[in-house]
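Presented below is the structure to which this report refers.
The values are calculated or read from the model by the stated rules, or taken from the named source; none is laboratory data. Keep in mind it's a predicted model, so treat the numbers as computed, not measured. For neighbour counting, all protein chains shown are included, and Cβ atoms are generated from backbone atoms with ideal geometry for every residue, glycine included. Quick note on the areas: whole protein, heavy atoms, side chains included, nothing else; ligands and nucleic acids left out. Shrake-Rupley method; radii C 1.70, N 1.55, O 1.52, S 1.80 Å.
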Amino acid sequence: MDSRFPKITQDGKDGGEEAGYIQNMCDTATAGFKYFDCQGVKSVIIKVRGNCRGSLR
């Protein structure tokens, strides 16, 4: 896998306090998460970093 593809990564060590993030998200890429109980969730907050333009759906 190279930088053309999205991947889940982190800045710190495994088990550290640094949050993970998705690197190299690009047009038409999909990121999924398993095992979340979203029953009753009314909103989601998404933090982004870096230089980008686009929308999340």
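Miscellaneous remarks
- Nearest-0.05 FRET efficiency for residue 56 and residue 9, computed from C-beta distance (R0 25 Å): 0.85
- The residues of the chain expose on average 109 square angstrom of accessible surface per residue, using a 1.4 Å probe on protein heavy atoms.
- Calculated SAXS-style log₁₀ I(q)/I(0) at q = 0.24, 0.30 Å⁻¹ - the chain, Debye, Cα scatterers: -1.29, -1.37
- From phi via Karplus (6.51, -1.76, 1.60), per-residue ³J(HN,Hα) for the range 9-17 in Hz, x at Gly/Pro: 9, 7, 7, x, 7, 4, x, x, 8
- Fully extending the segment from residue 39 to residue 23 would add 3.0 nm, taking 0.36 nm per residue of separation and subtracting the current Cα-Cα distance.
- For the chain, the set of chymotrypsin sites (Phe, Trp or Tyr not before Pro) satisfying both a DSSP loop assignment and a count of at most 12 other C-beta atoms within 10 Å is given as 33, 35, 36.
- Of the trypsin sites (Lys or Arg not before Pro) in the range 1-40, the ones in a loop by DSSP (not H, G, I, E or B) with at most 16 other beta carbons within 10 Å are 4, 13, 34.
- With every protein chain in place, the chain: carbon and sulfur % of accessible area (1.4 Å): 50 percent
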